[in-house]
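K.L.:
Quick one: the structure is below, and I'll ask about it shortly.
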Amino acid sequence: MTDPTPMQTLVQLAEQEAEKQARRMGAARLAHQENTQKLEQLLLYRQDYENRYQQGMQSGIGMSYHLNYREFMLRLDEAIIGQQGLVSQTESRLQAEHQAWQEAERKRLSFRTLVEREQAAQMQQEQRREQKASDEHATRMVGRQMHLNQEN
C-alpha cells in the first residue's frame with residue numbers, strides 16, 4: 001500500500017476535525033435542548049402553582065399560606081432566571097460550535113476539491129501520455145508500411 005500524499009493527509013485531518021466539530025455541535029445542541037426543556041418545565045410549574053394559588057384565594061386562604069406562597073414564588077422566579085441564563089449560555093455555545101463546524105466543513109470540502117482537481121489533472125496527463133504513445137505507435141506503423149511499400 002502506498003503512503004498517502006500530503007494532500008490526502010490534509011483531507012483526512014480535515015475530515016477528522018469536521019467529525020469532531022459535528023460531535024461537539026451535537027453535544028451543545030443536546031445541552032441547549034435539555035436546558036430549554038427545564039426552563040419550560042419551571043415556567044409550567046410556576047403557572048400551575050399560580051393557578052392553584054388563585055383558586056385558593058377564591059376559597060379563602062390563611063396568612064401563612066399567602067406568606068409561604070410569596071416566598072416560594074420568589075425562589076421559583078430565581079430558579080427561572082437562573083435557568084434562563086443557562087439557556088442563553090447554551091444557545092451561545094451552540095452558535096459557536098455551529099460556526100466552528102461550518103468552518104471545519106468548509107476546509108474539508110476545500111481540501112477534497114483540491115484533491116479531486118489534482119486527480120483530474122493527473123488523469124488528463126495520463127490520457128495525453130497514452131494518446132502520444134498511441135500516435136507515435138501509429139506513426140511508426142505508417143512509416144514501416146511506407147518503407148515496405150517502397151521496397152516492393
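K.L.:
In region 37-65, how many are of a type in the set (D, E, K, R) and over 32 Å from the mean Cα position of the chain (by Cα)?
P.N.:
Number of matching residues: 4.
The rows are residues; the columns are (1) part of a helix (DSSP H, G or I); (2) modelled with pLDDT of 90 or more; (3) charged (D, E, K, R); (4) touching a His at 6+ places or on another chain (Cβ under 6 Å).
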residue	(1), (2), (3), (4)
34	yes, yes, yes, no
61	no, no, no, no
88	yes, yes, no, no
99	yes, yes, no, no
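K.L.:
Conditions first: (1) under 35 Å from the mean Cα position of the chain (by Cα); (2) without any contact (Cβ under 8 Å) to a residue 12 or more places away in the chain; (3) farther than 25 Å from residue 12 by Cα. Residue 120 passes all but one, so which condition is the exception?
P.N.:
(3)
K.L.:
Next up: Quickly run through region 29-47 and pick out the residues that are surrounded by 13 or more Cβ atoms within 10 Å (Cβ to Cβ) and among the charged types (D, E, K, R).
P.N.:
Result: 29, 34, 38, 46.
K.L.:
With (1) polar (S, T, N, Q); (2) within 17 Å of residue 107 (Cβ to Cβ); (3) assigned to a loop (DSSP other than H, G, I, E, B) as the list, and residue 21 as the residue in question, which single condition is left unmet?
P.N.:
Here residue 21 meets the rest and fails (3).
K.L.:
Within region 1-23, work out how many residues are over 19 Å from the mean Cα position of the chain (by Cα) and among the charged types (D, E, K, R).
P.N.:
1
K.L.:
Kindly provide the set of residues from region 7-28 that are among the β-branched types (Val, Ile, Thr) and surrounded by fewer than 15 Cβ atoms within 10 Å (Cβ to Cβ), ordered by number.
P.N.:
Matches in region 7-28: 9 only.
K.L.:
So, one more: List the pairs whose first member sits in region 100-113 and is among the hydrophobic types (A, V, I, L, M, F, W, C), whose second member is assigned to a helix (DSSP H, G or I) and surrounded by fewer than 18 Cβ atoms within 10 Å (Cβ to Cβ), and whose Cβ atoms are under 6 Å apart, counting only residues at least 6 apart or on separate chains?
P.N.:
Filtered contacts from region 100-113: 101/22; 104/17.
Matching residues to (1) more than 30 Å from residue 117 (Cβ to Cβ); (2) in a helix (DSSP H, G or I); (3) touching a residue at least 12 places away in the same chain (Cβ under 8 Å):
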position: 13; (1), (2), (3): no, yes, no
position: 38; (1), (2), (3): yes, yes, yes
position: 53; (1), (2), (3): yes, yes, yes
position: 67; (1), (2), (3): yes, yes, no
position: 83; (1), (2), (3): yes, yes, yes
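The values are calculated or read from the model by the stated rules, or taken from the named source; none is laboratory data. All figures in this text were calculated on a predicted structure; none of them were measured in a lab. Note that we place each Cβ from the backbone using ideal geometry, even for glycine, and neighbour counts take in every protein chain shown.
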